[in-house]
Amino acid sequence: MARAASLAALCLLLLAAAAAAGARMDPIYSGQLVPDWSREPKIKPQNFSLNREDNLQLLSRSRDVTRRKLGERTGVIKMETVQQDDEALVKLENAGFERSKAVDSAVLGKYSLWRRENENEKADANVRLMRDQMIMARIYSVLAKSRDKLDLYRELLARIKESQRSLGEATADSDLPKSASERAKAMGLVLSKARDQLYNCKEITHRLRSMLQSADEQVRSLKKQSTFLSQLAAKTIPNGIHCLSMRLTIDYYLLSPEKRKFPNSENLEDPDLYHYALFSDNVLAASVVVNSTIVNAKEPEKHVFHLVTDKLNFGAMNMWFLLNPPGDATIHVENVDDFKWLNSSYCPVLKQLESAAMKEYYFKADRQKTLSAGSSNLKYRNPKYLSMLNHLRFYLPQVYPKLNKILFLDDDIVVQKDLTGLWDVDLNGNVNGAVETCGESFHRFDKYLNFSNPNISQNFDPNACGWAYGMNIFDLEEWKKKDITGIYHKWQNMNENRLLWKLGTLPPGLMTFYKLTHPLDKSWHVLGLGYNPTVEHAEIDTAAVIHYNGNMKPWLEIAMTKYRPYWTQYINYEHSYVRGCKISQ
């Protein structure tokens, strides 16, 4: 039995050596070659295989029969040169991998892969060698696929060669040389080293999943912080613009009353001219809208701009356009606080803002102590949701009772072409002409409205196409006929508890003008320059109006650099007021 075990060990030894035959290091990897073990005698990988039946027969036959069987399996050994191309290397590695898997699992099952009884000098040398060879075969199946373990791989091959020489023709412990025990110990050390270097896939997978989960949590936290900071930046006024407003206001009220008047006041109610409505508290932004419109207008003298601002910026807005008149165009500035009809008894928004619950919602909004926790609530405290300048768009016929049509413009747009063609668009009996934004699912009605509420689900289609505020042509005659302001009041009153929509003017606008909006060609109005970095320059260049909707307004430091020049080209940075307030390009 000892002889049979010795021969079995020799077979396994040859198996591992055969699997390693011809294996070479990738020259690109380290520039060195692994010794060509296929040149060693008694090794021919192509003619060697071992299965479970062979193992059982080897363990039960006599010495001569066993050796004869082994000879038949191994065949005549010849010296062969291993091809060095990549295809041959892959084939040899795969062959070694398959042969390593062929080792009888029943035999391997007797020994723990990483047991170290070979350190016990009293253990039978043949058993130790056989066990070491089995362990080595398992290790090789991994190392053959791992180039970063080549140093260990070469050391294992060297130990195999030493073990082969030590075993020789021995069939019992008495036939082994005195160095066999020392070499077995050396093999054990190499195996121990392999154990420390090889990866535990299950453990690594667990660690990677933990790292991924941790990274996801960090990303979510950073996104919340980013949202908070961007919203904070979006609702603040840059120092330069604040300085500009203050200086202009002071100089305006130093003027005599007769010098505060604009020319061409007779054009303000002429329905045959092109009228624009612009509601803003940002002097610099309003100047860009007016300047860009006039520069690209074919007949500037026929354009009339109706600006409405708040009490704080009224003087500054007047002073700016008195100093910088828009050529032959007409301009008029009004103070929203002078609209006495716009009071809480008539306007639902003003009435709701007087309630304690609404003040609690807008001014406190469950304030959080951390940036990430407060990001979702900061937007509710944005002043634009409280300003009547934002809601004045629902009262256009009341503000301009003598006009038939008016083009509404936001203050974060830039005009690049003549817009007079919009007055010739047939709205087909609709009130609002706007560019639709339903190219993607999140720009449909279900994005903005609460369809779990029956008042919404019973009156609106969740897949109805949304549209953009920012450049809208309104037929004020149809507006009056269909009582658009009354429709707006109805929905605003129903939303006192914010059960229909959360905030903003777009949701009530979608509801108010539902089935009353005519879709304009998309080239009239391109959106996304305040949040979408993928808007193509070709699309921007062909647009009549570009819109910086989103938090990254062009006058803020967080603006996207590649889109900002479309806006800054309409600002005179050499103007004494602009330079004095250090507003830089």
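The values are calculated or read from the model by the stated rules, or taken from the named source; none is laboratory data. These figures come from a predicted structure and were not determined experimentally. Neighbour counts are summed over all protein chains in view; Cβ atoms, including those assigned to glycine, are modelled from backbone coordinates with ideal geometry. What goes into the accessible areas is simple: the full protein's heavy atoms, side chains included, and nothing from ligands, DNA or RNA. Shrake-Rupley method; radii C 1.70, N 1.55, O 1.52, S 1.80 Å.
If HIS303, HIS518, HIS332 are ordered by their accessible area, calculated over protein heavy atoms with a 1.4 Å probe, which sequence runs from highest to lowest?
HIS332, HIS518, HIS303
The calculated FRET efficiency for the pair SER387 and LYS185, based on their C-beta separation and a Förster distance of 51 Å, comes to about 0.05. A 1.4 Å probe over all protein chains sorts GLU496, GLU299, GLU478, GLU557 by accessible area into GLU557, GLU496, GLU299, GLU478, starting with the largest. Using a 1.4 Å probe over the heavy atoms of the protein chains, calculate the carbon and sulfur portion of the accessible area of the range 444-585 as a whole percent. That share works out to 48 percent. With R₀ fixed at 41 Å, the C-beta to C-beta distance from LYS202 to LYS161 puts the FRET efficiency at about 0.80. A crude spin-label estimate for the pair TYR253 and GLU496, with each label 7 Å from Cα along the Cβ direction, gives 3.8 nm.
Each of ASN459 and GLU539 was given a label point 7 Å from its Cα along the Cα-to-Cβ line. The distance between the two points is 3.3 nm. In this label model, ASP418 and ILE237 are separated by 3.7 nm, measuring between points 7 Å along each Cα→Cβ vector. Taking all protein chains together and a 1.4 Å probe, the residues LYS224, LYS340 rank LYS340, LYS224 from largest to smallest accessible area.
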